[in-house]
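Below is one structure; the comments refer to it alone.
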Amino acid sequence: MRHYIVLLDKLRIPGEARVPDFEHVWAEYPETQPADCSDHLWRANIGVTHSVPIPAAVIDGCAKLQRIFVLGADAGIVDAPACAVRGIDIIHLPAVGLADPMAPLMDAIEAFVAALPA
């Protein structure tokens with residue numbers, strides 16, 4: 001299975017992603033305006049945000065989305081009840097104080113993919 005990973009606001013997350021060892025498409029946006037969130041996430045199965053809110057209307061339009069990683073201080077920017085209804089996991093990885101928050105993010109993405117049924 002090819003995984004489509006979308007990082008919504010790369011400018012807010014220091015460090016560089018390492019290339020995952022599984023079939024994937026990696027899309028990253030320097031900044032995402034709330035009005036563009038649906039356009040950026042609709043084909044993703046893994047979403048990553050630092051501070052871009054992901055409301056219910058966006059979640060409802062993302063049929064493939066399985067997991068959202070939140071790297072900022074506030075995981076409440078993602079509509080948790082809408083995710084619960086759709087079976088989407090929200091993983092909070094607060095990046096506060098980390099010089100390179102991309103390393104734990106990549107570890108978490110790789111662990112998620114490895115745990116999926118083949």
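Just checking, which of 85, 96, 70, 78 is at pLDDT below 95 and β-branched (Val, Ile, Thr)?
Values: 85 fails: at pLDDT below 95; 70 fails: at pLDDT below 95; 78 fails: at pLDDT below 95.
None of the others qualify; the one that does is 96.
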Residues within region 28-57 that are free of Cβ contacts under 8 Å to residues at least 40 places away in the same chain and of a type in the set (Ser, Thr, Tyr), tallied: 3
Filtered residues of region 1-29 (kept if open to solvent by 70 Å² or more (accessible area, probe 1.4 Å), over 14 Å from the mean Cα position of the chain (by Cα) and closer than 16 Å to residue 101 by Cβ): 11, 16, 18
Set 85, 113: member being of a type in the set (Val, Ile, Thr), over 17 Å from residue 37 (Cβ atoms) and more than 14 Å from the chain's Cα centre (by Cα): 85
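Suppose we filter 34, 30, 20 for residues that are at pLDDT below 95, more than 15 Å from residue 91 (Cα to Cα), touching a helix residue (DSSP H, G or I) at 6+ places or on another chain (Cβ under 8 Å) and of a type outside the set (D, E, K, R); which single one remains? First the steps, then the outcome.
Values: 34 fails: touching a helix residue (DSSP H, G or I) at 6+ places or on another chain (Cβ under 8 Å); 30 fails: at pLDDT below 95.
None of the others qualify; the one that does is 20.
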Hits in region 52-71 - residues which are closer than 19 Å to residue 9 by Cα and of a type in the set (Lys, Arg): 67
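The values are calculated or read from the model by the stated rules, or taken from the named source; none is laboratory data. Everything numeric here is computed off the predicted structure, so don't read it as measured data. No Cβ is skipped: glycine too gets one built from the backbone with ideal geometry, and neighbour counts run over all protein chains shown. Ligands, DNA and RNA are stripped out before the accessible areas are found, and what is left, the full protein with its side chains, is counted by its heavy atoms. Shrake-Rupley method; radii C 1.70, N 1.55, O 1.52, S 1.80 Å.
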